[in-house]
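**Student:** Supplied in structure tokens, the structure appears directly below.
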Amino acid sequence: MAARAQEDLLNTKQKILAFTLTLLTFVMGTSEFVIVGLLTEVSSDLNITLATAGTLISGFAIAYAIGTPLLTAYVSRFLKYPLMLLFISIFIIGNVISALSGTYELLIVSRIITAVVSGVLISLSMSIASDTMPVGSKRRNGENPRIPRFGIIRDIDTPRAAGCFLCR
């Protein structure tokens, strides 16, 4: 019984990894949803209609839904950690380009790139977390409750409010 309890405890490295992956999923979700609170400002800054600015959200969602499984299948043969560092770098560069873009075209392209990379990063985060968590913490169905899903759950409401707050 004591050995089982010891297996279930997370060591410091696992705790830091779980926190980092949770934070990563939160940041990626925030980059997806923060634009909702910024649509009016984006449309006026880029001199486009609000409906056209709304396609930034639709474009992200479509790219995420179509591009993520395709890119994930393609990169699944590579090592996870170097791949994760590469995609985090692309994610950061894509968001910097989004923030500095002066045209709608550049903004939508950077959002599409960020969308596809975000989906793959979330998949990698879940896979890495599942691989590194103790075996005793997994449920009978193989699901690991310690996988950092909190970042995904919390990123739905918070970014919209943050986007509105930043513009005011």
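The values are calculated or read from the model by the stated rules, or taken from the named source; none is laboratory data. Keep in mind that this is a model prediction, so the values were computed, not measured. Ideal geometry is used to build each Cβ from the backbone, glycine not excepted, and the neighbour counts take in all protein chains shown. For the accessible areas, the whole protein counts, side chains as well, though only heavy atoms, and no ligand, DNA or RNA atoms are used. Shrake-Rupley method; radii C 1.70, N 1.55, O 1.52, S 1.80 Å.
**Student:** So which residues in segment 70-80 are in a helix (DSSP H, G or I) and either in contact (Cβ under 8 Å) with a residue 24 or more places away in the chain or open to solvent by 80 Å² or more (accessible area, probe 1.4 Å) (or both), if there are any at all?
**Tutor:** Filtering segment 70-80 down to residues in a helix (DSSP H, G or I) leaves 70-75, 80.
Listed by number, the residues that qualify are LEU70, LEU71, THR72, TYR74, VAL75, LYS80.
For (1) part of a helix (DSSP H, G or I); (2) exposed (fewer than 12 other Cβ atoms within 10 Å of the Cβ); (3) in contact with a Cys (Cβ under 9 Å, 6 or more places away or on another chain), each residue gets a yes or a no:
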residue: ILE35; (1), (2), (3): yes, no, no
residue: LEU39; (1), (2), (3): yes, no, no
residue: VAL42; (1), (2), (3): yes, no, no
residue: ILE48; (1), (2), (3): no, no, no
residue: ALA51; (1), (2), (3): yes, yes, no
residue: GLY54; (1), (2), (3): yes, no, no
residue: ALA63; (1), (2), (3): yes, no, no
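Yes/no per residue for (1) of a type in the set (Ser, Thr, Tyr); (2) at pLDDT 95 or above; (3) surrounded by fewer than 16 Cβ atoms within 10 Å (Cβ to Cβ):
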position: THR68; (1), (2), (3): yes, no, no
position: PRO82; (1), (2), (3): no, no, yes
position: ILE93; (1), (2), (3): no, yes, yes
position: SER125; (1), (2), (3): yes, no, no
position: GLU143; (1), (2), (3): no, no, yes
